[in-house]
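Let me begin by presenting the structure, written as structure tokens, before commenting on it.
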Amino acid sequence: IDTGASLVLLNFETAQAAGIDVDALVFDTPVKTASGLLNIATITVSTVRVGPRIIAKNVEAAVTPKGLDHSNLLGSSFLAQMDEAVVSNGQIILKQTRRSARSNVASAPHLLGENMRLCAPHLALSGQ
């Protein structure tokens with residue numbers, strides 16, 4: 001989770017593994033990152049799911065070009081659909097209710113451990 005990031009950021013390999021058509025991506029949006037300037041491809045991910053209960057719909061995201069060693073980040077485009085994100089004892093607690101989920105799924109708090117990585121089984125992406 002990166003509260004300073006505007007979008008969800010996926011590296012090329014994660015986007016490809018999630019079923020995003022990476023061959024159709026156009027890397028024409030320049031952004032300034034902590035690592036320097038970078039051209040990204042912007043997309044909308046239909047569903048971002050963290051654990052069994054946290055669901056965000058129609059999330060603005062970006063994909064980094066192939067071969068770059070960038071971490072995956074959950075930025076503000078994801079966090080805006082949460083009711084609360086609290087850091088406590090090395091964990092991030094995400095809280096989301098039916099109102100903010102933009103879906104018909106009721107959600108309860110979900111914990112992300114300090115070593116949480118954006119990969120299965122914690123994170124699932126669908127659609128582009």
Quiz item: lysines near K95 by alpha-carbon distance under 25 Å, same-chain residues fewer than 8 away left out - which ones?
Solution: K57
Exercise. Obtain the radius of gyration and the Kirkwood radius of the stretch 1-65 from its C-alpha atoms and give Rg over Rh.
Key: 0.96
Self-check item: Probe 1.4 Å, protein heavy atoms only - accessible area per residue of the stretch 1-87 in square angstrom
Solution: 51 Å²
Self-check item: Stretch gain in nm, segment A34-A85, where the contour uses 0.36 nm per residue and the Cα spacing is subtracted
Solution: 16.1 nm
Quiz item: In square angstrom, rounded to the nearest 10, how much accessible surface does E84 have for a 1.4 Å probe?
Solution: 80 Å²
Quiz prompt | Cα-based reach from K66 at 20 Å (exclusive), listing lysines while leaving out same-chain residues under 8 positions away | solution = K32
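The values are calculated or read from the model by the stated rules, or taken from the named source; none is laboratory data. The structure displayed is predicted, hence computed values, not measured ones. These accessible areas exclude ligands, DNA and RNA; they are computed on the full protein's heavy atoms, side chains included. Shrake-Rupley method; radii C 1.70, N 1.55, O 1.52, S 1.80 Å.
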